[in-house]
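Quick note: the coordinates plus some simple rules give every number you see, no bench work behind them. Since this is a predicted model, take the numbers as computed values, not measurements. Positions of Cβ are generated from backbone atoms using ideal geometry, with glycine treated the same way; all protein chains shown enter the neighbour counts.
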Ligand SMILES: Nc1ncnc2c1ncn2[C@@H]1O[C@H](COP(=O)(O)OP(=O)(O)OP(=O)(O)O)[C@@H](O)[C@H]1O
Ligand SMILES: [Mg+2]
């Protein structure tokens, strides 16, 4: 971010005395919007030191790279390979790159959440008109938006590539729209969980590790269980196991809601399992936010 | 509650499971600089947090700028600046960026926030350093940044919790000068805490003394100094001259005691200076030194216990 003092002449300081401020004072909604945008920018290292830009920008580039290659292949070889849809379905893209998404969430959630608690900057926010709950909701919103942008950017690239390669517009648009909804759901679930973990473990290193463990270990366990259950023809267990990892949860919800293909070993096939996926998704997001509000209730008063 | 000073409290009480941090506090604080003095644990920070609406009182009421702390916290926080006693600055952001951001969090539009931040940082004396990340700042510079963020939205009142904490004597004087300037030149009411009475006497128009959550004393600084003031006097000529001077002071109605090489004189009012000077001239003694004794908080407590000061 450019420094606010750039255009001032350096070297000469005239003591012009104290000038009171009589301009406008914005309402809470405007302050919240400003906090949201600053938080979102911070997630990508913007407005922070140069080296905090490296990791998020690198991860964004890695997210985009496969999409770029796929689009290149699609545009060049569509007729040769006789393709009439994307090489990799939109809905499968996030799961394929879940490692990158996990590292991003694990690195940026503490940036947004733990930092204010560790440095006690939270006190400076709470001493201002903004309500506690607004602060918490805005922080989660910034993180959700950042993860959403990370996930949706390559999808957008694929979509544009698909249109350039003259894939059927109607089908592409529908698949893309579904994937955008899926990206948003994934972002909300990941951001909620990661924010909660970061708020509980104020130390940055610990928070990063904890988020990675929660997201990756759960995924590995779920996929293994699903694999074994499918082996033994126990489909119900395989399907239900999916709710225990954010990635399989959101993937399964997409399968049930929009009839996409599952990118894991098993997704919900019956209505009641689908409802369980929906219920768990809502529960995780609402539960994370409730947990955060509870965590911040006493902060700053002691 | 009716009184509309800058800060009014009525029977304000805060109880924790094991201690009563504030005990039936009745306060009325007006414009200018008010010093809030008390030993560790006296309840200074607790009072400030209640006034900001960050901490609920157990019983009693409090008003800041006419707003009730119990349910008008956000109105209060819009008009008040707060400098916490503890560290609260992120290490990886520059002072400039932080203060701009905090101005926006107080509702200033971006352009105005930048302008105010530049102004305020200049007033607190942070020049080129403001571009560097705060992590590399000295304690003195950090205290200035904390002060700047409390002032950036042009509040009507600032609550400064131990602004001189951790500063060396030079920086301490600078900080106290700034505090005085905020009250007199900027026209912003100030409530500043310290556990050193001497410090606050230098900047405060009014002094409030808290002891274990109770109001021990509240009065104008001038009044305060007269009631508890003592002078230290030194004359040339060794112990004999000292004793001669001491007797003369006693006889003149100024109770005096030897205090090492010096004489400690109870000064009832400003005329004491003249009496000391005249006596030294009459006795033909060289007057080396005559200064106000820096009060220690214990002196006030001693007198408080003796019942010689009445809480107002
Ligand atoms: N959250 C809390 N729980 C229990 N007791 C508390 C809490 N916060 C403060 N206290 C107690 O309340 C009393 C007043 O504390 P407070 O921090 O207001 O004192 P202070 O005058 O600011 O002291 P200091 O000069 O050390 O900053 C102390 O006895 C303290 O231990
Ligand atoms: Mg304190």
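Multiplying the residue separation of residue A:22 and residue A:221 by 0.36 nm and subtracting their alpha-carbon distance yields 65.7 nm. Computed per residue of the protein assembly as shown from DSSP H runs no shorter than four, each worth -39500 (n - 2.57), the mean residue ellipticity at 222 nm is -17500 deg cm²/dmol. Debye-formula intensities of region A:27-296, expressed as log10 I(q)/I(0) at q = 0.07, 0.09, 0.11, 0.15 Å⁻¹, are -0.27, -0.44, -0.65, -1.11 (one equal scatterer per alpha-carbon, no solvent). On the beta carbon distance between residue B:292 and residue A:174, with R0 = 60 Å, the FRET formula returns roughly 0.10.
Counting every other Cβ atom within 10 Å of each residue's Cβ, A:57, B:141, B:102 order from fewest to most as A:57, B:141, B:102. The orientation-averaged shadow of the Cα convex hull for the protein assembly as shown, equal to a quarter of the hull surface, comes to 36.8 nm².
What's the angle, to the nearest 10 degrees (0 to 90), between helix A:132-164's Cα axis and the longest principal axis of chain A? Tilt relative to chain A: about 50 degrees.
Of B:175, B:245, B:83, which has the largest mean-square fluctuation in a 10 Å C-alpha GNM of chain B? Sorting by GNM fluctuation, first place goes to B:245.
In the elastic network of chain A, a GNM with C-alpha springs shorter than 10 Å, the most mobile of A:138, A:217, A:169 is A:169. With R₀ set to 51 Å, the beta-carbon distance separating residue A:258 from residue B:59 gives a calculated FRET efficiency near 0.35. Computed log10 I(q)/I(0) for region B:89-162 at 0.26 Å⁻¹: -1.24, from the Debye equation with unit scatterers placed on every C-alpha and solvent omitted.
Computed over chain B, the Cα gyration tensor eigenvalues convert (square root of 5λ each) into semi-axes of 41, 25, 16 Å, ordered from largest to smallest.
For chain A, modelled as a GNM whose springs connect Cα atoms under 10 angstrom apart, the maximal fluctuation among A:85, A:29, A:288 occurs at A:29.
For the pair residue B:91 and residue B:68, a Förster radius of 35 Å applied to the C-beta separation gives a FRET efficiency near 0.40, rounded to the nearest 0.05.
Shielding of peptide B:73-85 by partners, expressed as the average count of other chain Cβ atoms within 10 Å per residue Cβ, is 3. Each of A:174, B:14, B:49, A:51 was scored by other Cβ atoms within 10 Å of its Cβ. Arranged with the fewest first, they read A:51, A:174, B:14, B:49.
Label separation (residue B:212 vs residue A:233): 8.0 nm, computed from points 7 Å beyond Cα along the C-beta direction.
What is the angle, in °, between the Cα long axis of helix A:271-296 and the longest principal axis of the Cα atoms in chain A? Nearest 10 is fine, range 0 to 90. Roughly 20 degrees, rounded to the nearest 10. Taking N as the residue count of region A:233-275, its C-alpha radius of gyration divided by 2.2 N^0.38 Å amounts to 0.97. DSSP bridge analysis restricted to the protein assembly as shown gives an antiparallel fraction near 65%, rounded to the nearest 5. Tell me the angle of helix A:218-231 to the major Cα principal axis of chain A, expressed in degrees between 0 and 90 and rounded to the nearest ten. The answer is roughly 10 degrees. In terms of other Cβ atoms within 10 Å, A:258, A:104, A:232 run from fewest to most in the order A:232, A:258, A:104.
In summary, region A:108-202 shows an alpha-carbon radius of gyration equal to 1.43 times the 2.2 N^0.38 Å reference for compact globular proteins. Considering all different alpha carbon pairs of region B:227-294, the Kirkwood hydrodynamic radius works out to 11.5 Å.
The label point for residue B:247 and the one for residue A:293, both projected 7 Å from the Cα toward the Cβ, are 8.1 nm apart. Note on residue B:128 and residue A:58: their simple-model spin labels are 3.3 nm apart, each label 7 Å out from Cα toward Cβ. For the segment A:18-29, counting C-beta atoms of other chains within 10 Å of every residue's C-beta and taking the mean gives 6.
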